[in-house]
1. How much length would be gained if the chain were fully extended between residue 143 and residue 194, taking 0.36 nm per residue of separation minus their Cα-Cα distance, in nm to one decimal?
2. Treating the angle as unsigned and between 0 and 90°, give the value, to the nearest 10°, between the Cα long axis of helix 58-69 and the longest Cα principal axis of the chain.
3. Here are labelled values, (i) 1.01; (ii) 0.98; (iii) 0.93, and one is the computed Rg/Rh (Cα atoms, Kirkwood Rh) for what I pasted. Which one?
4. Cβ neighbours within 10 Å, averaged per peptide: list 74-85, 200-211 in order, most packed at the top.
5. What distance in nm lies between label points placed 7 Å from Cα along the C-beta direction at residue 203 and residue 122?
6. Just rank 6, 119, 13, fewest to most, by other beta-carbon atoms within 10 angstrom.
7. Among 185-192, 146-153, what's the highest-first ranking by average C-beta atoms within 10 angstrom per residue?
8. Fully extended, how many nm does the chain gain between residue 59 and residue 81 (0.36 nm per residue separation, minus their Cα-Cα distance)?
């Protein structure tokens, strides 16, 4: 079945962040998890990150990874944006006679989920696919998935990037997405391990090398 894949880049990143599998070949992941599907197009939704004070090379590593993704012939990258603003937040346990709030940096990623929903609906309208695959665990995508199924009578498979307990952070599978999807699958470590780019790759600009911290 002709299949388009829609990747919530940051949602997927938080799945692989605490694993050795961040150098992820998304096309290979689709082959591993959906061997019967003909992958027509992969749309990857992300935003250029802002370096935090304690790690000035985060953006560099992201750009290297995006360069690796661009070697996948049928993959396109769609950008939202990162916004960082100082905001004042209340303290959970303020000291007696001390300040009750503290000023912190609030970093937000804007646009990726909206962009993903728009392109999934546009591609359905243009009859680009028979199956949409959504790689996300974000319940905000429930409504566009329902529309694709109800209005276009198309199948939607959700690949949930849910972090297993052994990685130190519990992430619960989105029941909202699993209820509206035609089919739901959880991305396991075994799938990620089979879906890695080689440590060194070539593109038209030269050699791409997996970042050391990855």
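1. 15.2 nm
2. Its long axis makes an angle of about 0 degrees.
3. So the calculated entry is the one marked (i).
4. The packing order, highest mean first, is 74-85, 200-211.
5. 2.1
6. By the 10 Å Cβ count, ascending: 13, 119, 6.
7. Result, highest mean first: 185-192, 146-153.
8. Answer, rounded to one decimal: 6.6 nm.
Coordinate-derived values only; no laboratory data. All figures in this text were calculated on a predicted structure; none of them were measured in a lab. All Cβ positions, even for glycine, are placed from backbone atoms using ideal geometry, and neighbour counts span all protein chains on display.
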